[in-house]
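Inspection log for the structure reproduced underneath, given as structure tokens.
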Amino acid sequence: MANEVTRYIKKEVERELWARSAGRCQFEGCNKILFKSSITQERVNIAQKAHIYSFSEEGPRGWGPFVFNKDALNETDNLMLMCHECHVKIDRNESKYPAKMLQEWKQKHEQRINVVTGIETSKQSHVVFYGANISDQKSLIQKNEAIAAMFPDKYPTNENPILLSMQSELKDNDKDFWNIELKHLEAIFTKYIEPKIEEKDSGDFSIFAMAPMPLLIKLGSLFTDKISVDTYQPIREPKTWRWQEEPKDFEFVVTNDEEYEKEPVLILSLSGKISRDRIYEVTGQDVNIWEITAPKSFLHNDFMRSKAQLSLFRQEIRKLMVQINDKHSKKPLKIFPAMPISCAIELGRVRMPKSDMQWIIYDQNNKADKFIEAITIGEAK
């Protein structure tokens, strides 16, 4: 393995670096203009392209995570525009200026430039990523795929999405998973989302999520439908987050047992049919089951294809919640979901905290081979 890679930085990378930094030193607290003399004001290029992780294995901060992808050492994400003085400082004392610190400085500088130079706000949207472990799967969402799905209707407010995901080794069949994930989601929403909501002209939010249904419903309930939100759906074929054309002859079908003196249960049989036997195994048979489903030809895990379908779901679920509240006098509602990601989030968003009954949300646990109680939203009336 060679000890060193080339110092050569492509012209397009250099141009992007200048644009991101607005021609100023990215060392925090310096901010020196790098395209003219600070003394004579003559035009002169005094900028240097400083590596966060070094182009040399033995250099300051080494190769770090680029050891297996050394070509990326000379890409924009690993470079900072600096004056000579600041460049020397970070390379002569790498313990004082570790890579994580430099990355944070770079991000803060570039975000500040975005805010200061931003003019058009009507198309800006805060991109939100949320992922939690689903059985043995790790939730992965790619930034470039998300941005492509938004274009041309929306643009990210900032280059880096707001990350609500929890880096946990727990899985949804672990004892403490639901309680820990729920507390983490509430805390991180308060920390990162609520300040954005409170900002004047803060724009809206674009949500990309891959997580168990109960947590997605909770996420939606935190946003509520008072906030402008675009919820996206991972589509399997073609593989994309971009909304497709609305399928023909699609509709939602709502049924119920009309035994309103019994405890209410809501089944969302959308990604697949949930048999009543699976519900009775958990609740017993002394329940009144409400169900929202779709025609048989649409009951699969890739039926949610268009924004029009999602809008129709919101309309139907709002009407349905009014009926359930009215017929069951605020009794707690047990919810069993088999539904697309976008529908789960929107179900949570349509919840009315002051008027809706308490929701007890269940999740299919593959290890136990049955539905288990996962989370509760709201207080018992």
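Before we move on, is ILE317 farther than 19 Å from VAL253 by Cα and touching a helix residue (DSSP H, G or I) at 6+ places or on another chain (Cβ under 8 Å)?
So ILE317 fails the test.
THR255 passes all but one of (1) within 16 Å of LYS307 (Cβ to Cβ); (2) polar (S, T, N, Q); (3) assigned to a strand (DSSP E or B); which number fails?
Checking THR255 against (1) within 16 Å of LYS307 (Cβ to Cβ); (2) polar (S, T, N, Q); (3) assigned to a strand (DSSP E or B), the one that fails is (1).
Collect the residues in segment 228-241 that are of a type in the set (D, E, K, R) and modelled with pLDDT of 95 or more, keeping them in residue-number order.
Result: ASP230, single match.
Looking only at segment 294-313, filter to residues that are touching a helix residue (DSSP H, G or I) at 6+ places or on another chain (Cβ under 8 Å) and in a helix (DSSP H, G or I); which one of those is farthest from ARG351 (Cα to Cα)?
Of everything passing the filter in segment 294-313, LEU310 is farthest from ARG351 (Cα to Cα).
Which one of GLU316, GLU291 is under 22 Å from PRO247 (Cβ atoms) and either in contact (Cβ under 8 Å) with a residue 60 or more places away in the chain or assigned to a helix (DSSP H, G or I) (or both)?
The unique qualifying residue is GLU316.
Of all residues in segment 227-244 being of a type in the set (D, E, K, R) and out of contact with any helix residue (DSSP H, G or I) (no Cβ under 9 Å at 6 or more places or on another chain), which is farthest from PHE205 (Cα to Cα)?
So, considering only residues that are of a type in the set (D, E, K, R) and out of contact with any helix residue (DSSP H, G or I) (no Cβ under 9 Å at 6 or more places or on another chain), the one farthest from PHE205 (Cα to Cα) is GLU237.
I'd like the residue in segment 67-76 that is assigned to a helix (DSSP H, G or I) and touching a residue at least 24 places away in the same chain (Cβ under 8 Å) and, out of all such residues, is surrounded by the most Cβ atoms within 10 Å (Cβ to Cβ).
Looking at residues that are assigned to a helix (DSSP H, G or I) and touching a residue at least 24 places away in the same chain (Cβ under 8 Å), I get LEU73.
The values are calculated or read from the model by the stated rules, or taken from the named source; none is laboratory data. What you see is a predicted model; the values in this text were computed from it and never measured. Cβ coordinates were reconstructed from backbone atoms using ideal geometry, including for glycine residues, and neighbour counts include every protein chain displayed.
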